[in-house]
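One structure is given here, and the rest of the page talks about it.
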Amino acid sequence: MRESLNGAQQAAQESFLPLLRQLVRTYQMFEQRSHAHIRQLGLTAAQFDVIATLGNTQGMTMNVLAEKTLVTKGTLTGIVDRLEQKGLVQREVPPEDRRCFTIRLTPTGEALFHRTFPQHIAYLKQFFQQLSPDEQRQIQNSLAKLETVLAQLPTDSSPELDNSQRDAGDHG
């Protein structure tokens with residue numbers, strides 16, 4: 001028991017933990033502010049993401065849309081269904097490949113995009129304009145480097161637990 005406590009104390013002293021906390025707090029605060037504004041525009045964050053991604057395009061397949069949005073593939077079908085029910089998007093089967101379909105904004109969806117996208121960007125700009133262009137580049141470069149590091153790690157690359165740690169976590 002004493003060894004695992006020392007290990008926990010040692011883990012709590014890792015130098016990256018304040019950075020991790022700051023990153024999470026900043027993301028949560030950004031998401032809270034952004035989502036609240038999007039709700040004021042009459043959309044959910046996921047609906048806005050899909051509309052913003054489809055805006056100024058001729059549409060795209062579900063696979064491409066899933067890659068370009070921040071929405072998980074499992075959620076995307078339901079979002080597109082709801083946007084279609086609202087008359088904001090439509091599914092079209094392209095003649096060159098009848099196995100898939102293209103999602104595109106309807107004229108009503110285009111009008112919504114042209115109204116809400118500039119409003120939301122202007123809302124976000126008030127936060128980011130408080131950072132100099134150099135500060136924005138530094139943050140972007142640091143986040144890109146962190147993303148690259150994380151992308152290189154296998155998703156199951158956790159340090160091996162010794163038997164005492166494994167047994168201590170086994171409650172049943």
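Derivation of every value follows stated rules applied to the coordinates shown; laboratory data play no part. This structure is a prediction, so every number in the text was calculated from the model and none was measured. Cβ coordinates were reconstructed from backbone atoms using ideal geometry, including for glycine residues, and neighbour counts include every protein chain displayed.
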query: If one takes the longest principal axis of the Cα atoms in the chain, at what angle in degrees, from 0 to 90 and to the nearest 10, does the Cα axis of helix 133-152 lie?
result: 70 degrees
Fewest-first sequence of 77, 102 by Cβ atoms within 10 Å of each Cβ: 77, 102
task: Quick one: angle between helix 107-128 and the longest Cα principal axis of the chain, in degrees between 0 and 90, rounded to 10, please.
output: 40 degrees
task: Quote the relative contact order of the chain in percent (integer), defining contacts as alpha-carbon pairs under 8 Å separated by 6+ residues.
output: 17 percent
statement: For the chain, the percent of all C-alpha pairs falling in each 10 Å bin, from 0 up to the bin holding the max distance, is 8, 24, 26, 21, 14, 7, 1
field: Degrees, to the nearest 10: 73-85 long Cα axis against longest axis of the chain
entry: 30 degrees
- request: Starting from the stretch 1-72, pick out the GluC sites (Glu not before Pro) whose DSSP state is loop and whose Cβ has at most 10 other Cβ atoms within 10 Å.
  value: 14
